[in-house]
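Please read the structure below before turning to the comments.
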Amino acid sequence: MVNSNKPLLQSIATFLHPGIPFPPLHMHTIQTLSNTFYLEIMIDIFPYFSKKILANYISEEKHNVLPFATFCPFFPFPFPVQQTKNLVKRLSSSILSSETCTMGRLDGKVIVLSAGAQGIGRAAAIAFAKEGAQVTATDINGEKLKELDGIAGIKTKVVDVTKKDQVEALAKEHDRVDVLFNIAGFVHHGSILDCEDADWDFTMNVNVRSMYLMSRAFLPKMLARKSGNIINMASVASSIKGVVNRCVYSTSKAAVIGLTKSIAADFIEQGIRCNCVCPGTVDTPSLRGRIEAQPDPEQAYKDFMARQKTGRMCTAEEVAYLCVYLASDESAYVTGTEQIIDGGWRL
Ligand SMILES: NC(=O)c1ccc[n+]([C@@H]2O[C@H](COP(=O)([O-])OP(=O)(O)OC[C@H]3O[C@@H](n4cnc5c(N)ncnc54)[C@H](O)[C@@H]3O)[C@@H](O)[C@H]2O)c1
């Protein structure tokens, strides 16, 4: 609906805040309802305090209007609950990311990720939630996923990302997703001669087709809002570096880089960005499992360590810090990139 109060609102805001331009996003979201009109004015008159209250409102998922009612006791009208809730949701990302507000780097963002049960996915889910995001962490491993239950800001759901119906059901459950983080992957050990048809198909299915399914399922809603951010988990073992005994794995991760650049190029003008993360060797349960599975695990560990130019492996938390940056508005101008985090392994 067109807001007929726009000139009046602009004059009030300019009068009260001569130095601060009236935020244009407000104008898009204002409805003709008189109550939301007053809410807009309050946010402009008291930006700092109303942002703090808004942050609490969103992070605690309070579905009543008490914070606003107590903050604005002189409000001329009571707020209708549903309309206030909807307005707060729509305004949240723009208001919370403004410079007058010092809160989490991902406040107000809704993030869905795969492979959240362990390793990098688990570390990313925790890091995102710590920065104020509402995270849906999914994984095929329901038992391990349960360990995240109870952490503020994290919801969990068992999803096999190779199953189209499960992926589509997951997308349907979310009205709005700001960041989709595709992490699930499988490491096959061996050269092309060790790679049977089944190994090839399984790896490409988990590592590449899953990202195709997830991105196709979530993109339409992002496009409808002209805003979205997709992060894909690739690897340095890909088109970046040839690695011994990682034939189908590296092939799949090179495909992830291609998929990332393709999505970034196709939708850049519609407000979508897409980047991938390329770690070197990260100390995760699956890496430990791969070492243990070798005929001589001690030697296998030494071999892994020998290629670490920093003298140590990367931690899952270090990868998660990079992912926080990519998920946040700090990286708003970054798209179509491979973000390498390998301690110089590729050099
Ligand atoms: N660990 C490393 O050294 C390293 C290096 C570079 C890239 N990566 C990539 O990072 C990602 C995560 O690796 P990690 O070592 O942290 O994880 P991990 O192997 O420890 O965990 C992977 C998770 O994915 C889940 N998963 C597997 N198949 C799934 C499916 N079909 N649907 C949903 N979930 C599924 C597993 O249950 C598990 O919880 C992978 O894509 C991996 O290729 C890892």
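Summary table below
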quantity: Using a Förster distance of 45 Å, the FRET efficiency for Glu298-Ile151 (Cβ separation, nearest 0.05); calculated: 0.80
quantity: Backbone HN-Hα couplings from phi across the range 258-263 [Karplus 6.51/-1.76/1.60, Hz, Gly and Pro as x]; calculated: x, 4, 4, 5, 5, 4
quantity: Relative packing of 130-143, 327-340, which averages over residues the other C-beta atoms within 10 Å, highest first; calculated: 130-143, 327-340
quantity: Under-5 Å amide H pairs with Phe181, H placed in peptide plane, nonlocal only; calculated: Val112, Leu113, Ser114, Ile231
quantity: For the range 224-347, alpha-carbon Rg over 2.2 N^0.38 Å; calculated: 1.17
quantity: Sorted peptide list for 188-195, 223-230, 296-303, criterion being average Cβ within 10 angstrom, highest first; calculated: 223-230, 188-195, 296-303
quantity: When each of Lys109/Lys155; Lys155/Lys221; Lys163/Lys221; Lys130/Lys172 is checked by Cα-Cα distance, pairs over 23 Å; calculated: Lys130/Lys172
quantity: Hits among aspartates and glutamates - C-alpha to C-alpha of Lys309 under 14 Å, sequence gap 8 or more where chains match; calculated: Asp342
quantity: J(HN,Hα) series, the range 244-252, from Karplus relation 6.51 cos²θ - 1.76 cosθ + 1.60, nearest Hz, glycine and proline x; calculated: 4, 6, 10, 4, 6, 4, 5, 4, 5
quantity: Debye-sum result for the range 110-341 in log10 I(q)/I(0), which assumes one identical scatterer on each alpha carbon, at q = 0.10, 0.11, 0.15 Å⁻¹; calculated: -0.43, -0.52, -1.00
quantity: Highest-first arrangement of 113-119, 312-318, where packing means the average Cβ count within 10 Å; calculated: 113-119, 312-318
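FYI, it's all coordinate maths here, none of it is from the lab. For clarity, every value in this text was computed on a predicted model and none was experimentally measured. Virtual Cβ from ideal backbone geometry, glycine too; neighbours counted across all protein chains shown.
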